[in-house]
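Presented below is the structure to which this report refers.
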Amino acid sequence: MEVGAEHGAMQKTRRSDDASRKTRPSSCSSLKMFLVALSFAYFAKALSGSYMKSTITQLERRFDIPSYLIGIIDGSFEIGNLLVIAFVSYFGAKLHRPKMIAMGCVLMSIGTFIIALPHFIIGRYEFESSAKWVVNSSLTLSPCLPGSTGDPSQDSKLPQVPVKECEGDSNLSMWIYVLLGNVLRGIGETPVQPLGISYIDDFATEENAALYVGCVQTISVVGPVFGYLLGSLCAKIYVDIGFVKLETITITPADSRWVGAWWLGYLIAGIITLLSAIPFWFLPRSLPVPGSHTPEKPEQASFIKGSAPMKHKYPAEEHTSFIEMAKDFIPTLRTLLGHPVYLIYLCVTIIQLNSLIGMVTYKPKYIEQHFRQSASKANFLMGVINIPAVALGIFSGGLLMKKMKLNIIGAAKFAFVTSFLGYVLSLFFFVMSCENAKIAGVTLPYNSMEDISYDKHSLFNTCNSNCFCSANNWDPVCGGNGITFVSPCLAGCTISTGSGKNTVFSNCSCVGVAGNLTAHTGQCPDKDDCDRMFPYFLALSVITSFIISLGGTPGYMLLIRCIKPQLKSFALGFHALATHTLAGIPAPIYFGAIIDSTCLKWGQKRCGGRGACKIYNTTKYRIAYLGLTLSLRTISFLVCIPGFILLSRQLKKEEQDALRGSRANGGTELEALRKEEFVISNSATLQRTSENGTDRETRL
């Protein structure tokens with residue numbers, strides 16, 4: 001009987017071993033499949049998000065709106081996150097996480113398609129231009145009507161546009177569709193990050209969790225590379241391609257009035273996002289917890305010293321009612337907010353993300369305005385040079401964290417040092433200045449066209465007094481003297497020959513160069529000083545981006561490891577909620593408002609009202625943009641000081657608790673050993689007594 005029982009037990013053991021061998025490869029493949037699917041979802045959402053930022057200047061010009069309004073549109077994505085993220089991260093962790101992510105991707109794609117919708121509703125883009133496209137290029141047109149007198153007191157108003165044309169011009173409200181589409185895109189993005197990262201951390205081995213998260217974060221930074229490249233490509237294509245003859249377009253992509261095919265990129269991004277939802281529908285709700293079928297290995301060291309190897313694994317609950325989850329919401333939130341280290345970390349990341357989001361949102365615009373580059377080139381450089389440096393930094397940070405086996409305090413120090421070093425290098429951006437363009441009546445007075453001055457000048461002078469000109473038109477021409485004039489009328493040009501981009505204006509009284517009183521369409525290039533400084537700006541931008549991003553993965557793992565495993569998904573979700581609310585929404589708005597305050601020349605809408613800015617004061621722009629960015633980061637470093645103190649106290653407390661627990665376990669084991677020794681000694685004594693008795697009986 002005993003032999004049969006042992007044989008049956010051995011067979012059961014073999015069956016369980018075979019089952020575990022079958023389960024482990026399937027669970028491993030499912031985890032890898034989830035990792036690939038999540039990486040693609042991160043890529044899709046990052047691509048559409050970066051493309052939105054690459055189209056900022058295009059949207060400003062197309063809808064004729066200022067930067068602060070663009071900031072509201074950009075922040076509407078975070079508003080969508082804000083509406084549902086707390087509930088999705090809390091309830092979603094207890095539901096089918098892959099399917100929740102799939103539904104989010106579908107919503108993201110729908111929102112992206114809605115953003116492109118205004119292009120198919122509004123009419124064609126019309127820009128101010130004195131250069132007309134005509135078949136017979138020998139026709140002569142006069143920008144300045146001779147014999148009329150200019151009155152500066154009345155020239156600030158555009159000629160009245162017929163009411164019917166204004167009623168048909170729906171550009172004033174079409175940007176609302178972009179805002180609503182971005183809100184829906186933000187709602188759809190909500191479950192991707194908290195549920196995806198917590199799923200990986202729950203079912204990946206301890207030693208691979210940081211590497212997997214680093215891989216996903218790296219892919220999320222690769223997405224913007226293609227997003228900005230797509231923005232660069234679409235910026236070269238005219239907005240109404242397919243609806244107008246390109247020969248009739250009198251402006252080039254380098255012109256401040258140019259609007260690219262911004263809508264085309266949103267259609268492409270929407271299709272990619274829709275495809276990213278497909279794999280998640282076929283993934284399981286949960287996977288076997290790593291280590292559940294095999295004994296724990298000694299090399300699987302925990303992240304926090306003294307913790308159990310599986311301390312941070314918290315598999316999803318299979319059967320929990322919605323009412324029970326709702327009852328636990330407020331107590332869980334109170335517990336989370338009562339964690340001091342988590343609160344400090346939250347404050348630091350909110351302040352730093354204000355700086356980061358404001359800087360990244362308007363960096364292409366800064367390159368365009370300060371270094372006078374085209375939108376296409378600015379987006380191309382962001383995608384090819386700057387973003388890959390960030391991706392390499394994030395991946396290298398995750399790899400270094402695994403190689404150096406950093407604990408929680410080591411990760412915090414590493415993130416702080418890299419951020420501070422990048423901050424010091426960023427101070428050199430202030431000396432990389434570039435003078436503004438020489439524009440008569442804006443940055444230069446008509447009577448002294450040498451030194452740039454940002455004082456208020458008049459666009460009217462005796463040289464154009466015989467012309468009836470509008471001060472609100474923005475139709476720049478480059479004079480033969482290398483000075484840009486706001487319009488050929490304000491340059492005093494009375495004759496124009498040629499057509500389209502080849503239009504030449506002559507007899508321009510304000511140009512003032514003997515024998516060369518001509519001007520041609522577009523602003524004067526005049527950017528020799530910018531071209532010399534621009535490569536140094538790009539090199540320093542790449543270096544600082546790489547150094548700062550090195551601390552990205554260690555900082556993110558600090559967030560996961562500083563809290564209890566039961567609160568992991570909720571903590572990630574609340575962290576995203578707080579950063580979206582206090583950084584993602586306000587940062588683009590107040591950065592845009594500050595940038596608007598540096599505007600020198602505002603455009604005017606066709607039916608009245610202030611439009612988009614045409615030219616900025618580059619000195620004020622640089623100081624406001626860089627100064628605000630670095631000031632916020634300075635405050636974040638000051639908040640880090642109490643964070644390190646609280647974190648070290650928490651670690652000491654955890655080590656003491658672990659030591660007490662080990663002593664308690666050791667005392668129990670020692671008592672059991674003593675009892676066992678006592679039983680053994682008693683049995684030995686009895687045995688000796690019986691043996692002695694037997695000997696005595698034998699002797700007797």
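Within the group F468, F428, F460, F380, which residue is surrounded by fewer than 22 Cβ atoms within 10 Å (Cβ to Cβ), within 25 Å of the chain's Cα centre (by Cα) and farther than 28 Å from Y51 by Cβ? The match here is F428. Q566 passes every criterion in (1) at pLDDT 90 or above; (2) surrounded by fewer than 20 Cβ atoms within 10 Å (Cβ to Cβ) apart from (1). Residues in segment 248-281 that are surrounded by fewer than 20 Cβ atoms within 10 Å (Cβ to Cβ) and closer than 22 Å to S30 by Cα: L274, L275, I278, P279, W281. Among residues of segment 252-272 that are free of Cβ contacts under 8 Å to residues at least 60 places away in the same chain, those with a beta-carbon under 6 Å from a residue that is open to solvent by 20 Å² or more (accessible area, probe 1.4 Å) and of a type outside the set (D, E) at least six positions away or on a different chain give the pairs A261/I237; A261/I241. Filtering V504, V486 for residues that are buried (at least 20 other Cβ atoms within 10 Å of the Cβ), at pLDDT 80 or above and hydrophobic (A, V, I, L, M, F, W, C) leaves a single hit, V486.
Does K45 meet the test of being closer than 13 Å to W262 by Cβ and open to solvent by 30 Å² or more (accessible area, probe 1.4 Å)? Spelling it out, it is not the case that K45 is closer than 13 Å to W262 by Cβ and open to solvent by 30 Å² or more (accessible area, probe 1.4 Å). Identification of helices (runs of 4 or more DSSP H) wholly contained in segment 325-371 with 2 or more residues that are open to solvent by 30 Å² or more (accessible area, probe 1.4 Å) yields 329-337, 340-361. Before we move on, is M382 in contact with a helix residue (DSSP H, G or I) (Cβ under 6 Å, 6 or more places away or on another chain) and either at pLDDT below 80 or within 20 Å of L626 (Cα to Cα) (or both)? It is true that M382 is in contact with a helix residue (DSSP H, G or I) (Cβ under 6 Å, 6 or more places away or on another chain) and either at pLDDT below 80 or within 20 Å of L626 (Cα to Cα) (or both). Working only within segment 61-76, note down all residues that are open to solvent by 10 Å² or more (accessible area, probe 1.4 Å) and on the phi < 0 side of the Ramachandran plot. Correct list: R61, P66, Y68, L69, I72, D74. Once segment 588-632 is narrowed to residues that are over 23 Å from F371 (Cβ atoms) and among the basic types (K, R), the residue that is surrounded by the most Cβ atoms within 10 Å (Cβ to Cβ) is K605.
Looking only at residues of segment 450-483 that are β-branched (V, I, T) and touching an Asp or Glu at 6+ places or on another chain (Cβ under 9 Å), we find that the one that is modelled with the lowest pLDDT is I452. Is it the case that F395 is open to solvent by 20 Å² or more (accessible area, probe 1.4 Å) and among the hydrophobic types (A, V, I, L, M, F, W, C)? Here the answer is yes, as F395 does meet what is asked.
Of all the numbered requirements in (1) among the β-branched types (V, I, T); (2) modelled with pLDDT under 85; (3) farther than 30 Å from W262 by Cβ, I394 misses one, and that requirement is (3). Each residue in segment 201-230 was checked for being more than 15 Å from the chain's Cα centre (by Cα), crowded, with 24+ Cβ neighbours inside 10 Å and at pLDDT 80 or above, and 1 pass. Taking the listed residues K94, K12, the one that is open to solvent by 10 Å² or more (accessible area, probe 1.4 Å), of a type outside the set (S, T, Y) and modelled with pLDDT under 65 is K12, with no other qualifying.
The values are calculated or read from the model by the stated rules, or taken from the named source; none is laboratory data. What you see is a predicted model; the values in this text were computed from it and never measured. We place every Cβ from the backbone using ideal geometry, glycine too, and count neighbours over all the protein chains shown. Heavy atoms of the whole protein, side chains included, go into the accessibility calculation; ligands, DNA and RNA do not. Shrake-Rupley method; radii C 1.70, N 1.55, O 1.52, S 1.80 Å.
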